[in-house]
Amino acid sequence: MTEKFISISEALKKGNGKVAVRGWIYRERGSNEFKFLVLRDSSDIIQCVLKKEKFKKQWEEIDKIQVETSVEIEGTIKKDSRAPTGYEIDVDETKIIGVSKDFPINKSLNEELLGDRRHLWLRSRKMNSIMKIRDTVLRAMREHWHKKGFYEYHSPTLLGMQAEGGATLFKVDYFGKPLYLSQTWQLHAEAGIFSLEKIFTIQPSFRAEKSKTSRHLTEYWHAEMEVAWEDFDYLQDDAEQLIKHIVEKVLQERKPELEILGRDWKKLEATIRKKFPRITYDYALKLLKEKKKISIPWGKDLRTIEEDKLSELYDTPIMVRHYPKIVKAFYMKEVPNTEKGKETVFGFDMIAPEGYGELVGGSQREEDIEKLKKNLKAQGEDPSKYEFYFDTRRYGSVPHGGFGMGVERVISWICGLETIKDAIAFPRTMTRWSP
Ligand code: 4AD
Ligand code: MG
């Protein structure tokens, strides 16, 4: 080989002359005189044609090339409208780097078998496209918060207390003592804002979700922010700006990948253009009753089915806020002067369009230690485990709040996926923990 290796997408851009590329065989078919190889690398695919007359000595080896063999190729690229990406390489030289025999992935595999062979399925164009979009989403998040002066800050994964209810806690045997995997960074983030004021993280959270749904993982990536001094509206503004920035970036950089996934990306444009409706929980119940004939007694949480029905009424994400206090976490600040038995909190959920469920959950935080203790006791928690948390209220407490966004939920919606499992390379659910 004499040429310097370039990526397949660079070769496609070049469009003529000599090129050298390397990658894996995506498809192959042969005849007596030709071998057609579709080569893939991380960037794209390209058809390559090898003529037997040019490879007399090597032909036996070339004839045996199978899917996923890794090869180096040099030849002349030219336009060919019949080829899958519009160009073809007429190969002069090839070198087999690693053989592959009977690659165990094919169209007939069901979801379970693809799950078992996930480490190989990652090479598919589908997973390659999703993982590129995931990269853009994560970069857009960091970009958004760094532009606004936030610091990236991290909290521990091993915790002695819970924040989002005992039902979804994973217990860990920590030298004979019980600890839990963190469900959120939040309690330790609240301590951090007294130093850094505006902080964010993107790190895994853990939930022992016993349900098998298309939107729950047991280990998911959680993008969270926490700010001092700001009010409830600021949190919703920031969540909206964040989502808009992510979608804008994906539409700028990743339309080819969305096309590969068959995603109708035009549906995402309203999210950038329009302001997200902000409605109260009470109004959500009214809408559900009047427009969807679903009656929910006041005080019940909105379930998947109700969120989906609500999302049918809008083409952008919506914010539902002022939920009943009894359905929300112990740390959410109570709305003052509500009717007895109808207490609500300064909490909001952002619900995705197209039935992709809750993308974001956030709230203004309760500052009153006595109220926090009362809420914890009502959940059967021992407040003495939360003394460090109460200290944040004892020494210069300030109004503050934050939210958490499910990274895979956002990716699922943007990519139009059938299951959240495809939004992450190696998903973890109740029934899937390997490879
Ligand atoms: O609504 P959640 O439980 O809120 C919190 O954890 C807050 N402490 C966040 C904060 O204020 N810092 O979770 C936040 C988001 C949800 O809106 C959802 O998008 C995602 O995390 N999420 C999950 N994603 C995938 N699988 C699961 N099992 C999830 N549980 C929550
Ligand atoms: Mg929530």
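Points worth noting:
- Beta bridges per DSSP, both residues in the range 130-279: antiparallel share near 90 percent.
- In this structure, the amide hydrogen of THR280, modeled 1.01 Å from its nitrogen in the peptide plane, lies closer than 5 angstrom to those of ARG321, counting only residues at least 5 positions away or on a different chain.
- Accessible-area composition of the chain, carbon plus sulfur, in percent [1.4 Å probe]: 51
- Solvent exposure of the chain as accessible area per residue, Å², 1.4 Å probe: 48
- Taking amide H positions as modeled 1.01 Å from N, with prolines and chain starts lacking one, the residues under 5 Å from LEU169 and 5 or more places away or on another chain are ALA208.
- Ranked packing of 249-261, 341-353, 370-382, most packed first, by mean Cβ within 10 Å: 341-353, 249-261, 370-382
- Computed over neighbours whose Cβ is under 12 Å from that of GLU219, the net charge equals +2, Lys and Arg +1, Asp and Glu -1.
- Residues LYS56 and ILE296, FRET efficiency given R0 of 60 Å [Cβ-Cβ distance, rounded to 0.05]: 0.20
- Cα long-axis angle, helix 281-292 against the chain (0 to 90 degrees, to the nearest 10): 60
- Remark on the range 313-427: ratio of C-alpha radius of gyration to 2.2 N^0.38 Å is 1.29.
- Angle in degrees between helix 369-378 and the longest Cα principal axis of the chain, rounded to the nearest 10: 70
- The dipole here belongs to the chain: it is taken about the Cα centre, uses +1 on the Cβ of Lys and Arg and -1 on the Cβ of Asp and Glu, and is about 880 debye.
- Projected-area average for the range 1-142 over all orientations - Cα convex hull basis, square nanometres: 10.4
- Heavy atoms of MET1 accessible to a 1.4 Å probe, total area in Å² rounded to 10: 70
- Dipole of the chain, positive end: most advanced residue of ILE45, LEU109, TRP59 [Cβ charges, Cα centre]: TRP59
- With the charge dipole of the chain set up from +1 on Lys and Arg Cβ and -1 on Asp and Glu Cβ about the Cα centre, the Cα lying farthest toward the positive end among the listed residues SER311, ILE420, ALA83 is that of ALA83.
- Along principal axes, Cα extents of the range 289-379, largest first, whole Å: 41, 24, 22
- In whole angstrom, the range 88-185 maps to an equivalent ellipsoid with semi-axes of 41, 24, 14, each derived as √(5λ) from the alpha carbon gyration tensor and ordered largest first.
- When the C-alpha to C-alpha distance is required to be over 19 Å, the pairs from LYS35/LYS78; LYS289/LYS340; LYS126/LYS255; LYS333/LYS371; LYS35/LYS64 that qualify are LYS289/LYS340.
- Counting only Cα atoms, the size of the chain along its three principal axes is 88, 54, 41 Å, in decreasing order.
- Long pairs among LYS244/LYS286; LYS210/LYS342; LYS14/LYS51, criterion Cα-Cα beyond 25 Å: LYS244/LYS286; LYS210/LYS342
- Across the range 125-135, computed HN-Hα scalar couplings (Karplus, 6.51 cos²θ - 1.76 cosθ + 1.60, θ = phi - 60°) run 5, 4, 5, 4, 5, 5, 5, 5, 5, 4, 4 Hz from first to last residue, x flagging Gly and Pro.
- The dipole here belongs to the range 187-304: it is taken about the Cα centre, uses +1 on the Cβ of Lys and Arg and -1 on the Cβ of Asp and Glu, and is about 1060 debye.
- Rounded to whole Hz, the Karplus (6.51, -1.76, 1.60) HN-Hα couplings of the range 197-207, x for glycine and proline: 6, 10, 9, 8, 9, 9, 8, x, 10, 10, 9
- In this structure, the pairs whose alpha-carbon distance is over 26 Å, taken from LYS79/LYS267; LYS148/LYS309; LYS107/LYS132, are LYS79/LYS267; LYS148/LYS309.
- Per-residue [θ]222 nm for the chain (sum of -39500 (n - 2.57) over DSSP H runs n ≥ 4, rounded to 500): -9000 deg cm²/dmol
- Derived scalar couplings ³J(HN,Hα) [the range 6-14; Karplus, 6.51 cos²θ - 1.76 cosθ + 1.60; whole Hz; x for Gly, Pro]: 10, 6, 4, 5, 5, 4, 5, 5, 4
- Radius, Kirkwood style, for the range 143-288 when every pair of distinct Cα atoms is counted (Å): 18.1
The values are calculated or read from the model by the stated rules, or taken from the named source; none is laboratory data. On a predicted model such as this, the values are computed, not experimentally measured, just so you know. Cβ coordinates were reconstructed from backbone atoms using ideal geometry, including for glycine residues, and neighbour counts include every protein chain displayed. Just the protein is used for accessible areas: all its heavy atoms, side chains included, with ligands, DNA and RNA removed. Shrake-Rupley method; radii C 1.70, N 1.55, O 1.52, S 1.80 Å.
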